Amino acid sequence: MKWYFASRTKHKESIRKIRDILKKEGHKIVYDWTFLDSFNNLEDRLDKSKIADEMLKSISDAEIFVLLSDKGGTDMFVELGFAIAKLTENKKLRIYAVGKYNKRSLMHFHPSIIHLNNLIDVFNKECPEIAYKFSAIKLSF
């Protein structure tokens, strides 16, 4: 399966662990943003527009979009909106909003979004045969 994870950069270590397990099991992360240093001082980094374009194009290729909710953050909501817009082209795309703040913005209430309390539930639904491998990762979303 092809996955896209939208989250705050403070969760990137957890995302890396998730990525490693998924890749080892034959899944694909359509865009791995965890290599980026920071999203601060965006006006000083002209290459950020290229990165933003790459991220949005990769969402078009995803089968599973997972928003890991947080009480802060902004970019992940742009990614969520784009994933919702892509539903008209990609009817197989499944969108999950996960965690305590999974109904924080207006876009969270789109009828196609599946709300779950924790990430393990996503793996139980999408790849139950390997879901147990994620239980060792401290996932606090």
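Values computed for the structure shown
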{"item": "Which numbered condition Phe123 misses (of (1) touching a residue at least 12 places away in the same chain (Cβ under 8 Å); (2) open to solvent by less than 10 Å² (accessible area, probe 1.4 Å))", "result": "(1)"}
{"item": "Total residues in segment 61-82, condition among the hydroxyl-bearing types (Ser, Thr, Tyr) and either more than 23 Å from Ala136 (Cα to Cα) or outside any loop (DSSP other than H, G, I, E, B) (or both)", "result": "1"}
{"item": "Qualifying positions in segment 122-132 - acidic (Asp, Glu) and farther than 15 Å from Trp3 by Cα", "result": "Glu129"}
{"item": "Qualifying position, being under 20 Å from Ile59 (Cα atoms) and part of a helix (DSSP H, G or I), among Ala97, Ala85", "result": "Ala85"}
{"item": "Per-region count, segment 21-41, residues assigned to a helix (DSSP H, G or I), surrounded by 13 or more Cβ atoms within 10 Å (Cβ to Cβ), at pLDDT 95 or above and not aliphatic (A, V, I, L, M)", "result": "1"}
{"item": "Subset of segment 58-99 [farther than 13 Å from Ala6 by Cβ, at pLDDT below 90 and open to solvent by 20 Å² or more (accessible area, probe 1.4 Å)]", "result": "Lys71, Leu87, Thr88, Glu89, Asn90, Lys91, Lys92"}
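The values are calculated or read from the model by the stated rules, or taken from the named source; none is laboratory data. As the structure is a computational prediction, the values presented were derived from the model and not from experiment. All Cβ positions, glycine included, derive from the backbone under ideal geometry; neighbour counts span all protein chains shown. Protein only, heavy atoms only, side chains kept; ligands, DNA and RNA dropped before computing areas. Shrake-Rupley method; radii C 1.70, N 1.55, O 1.52, S 1.80 Å.
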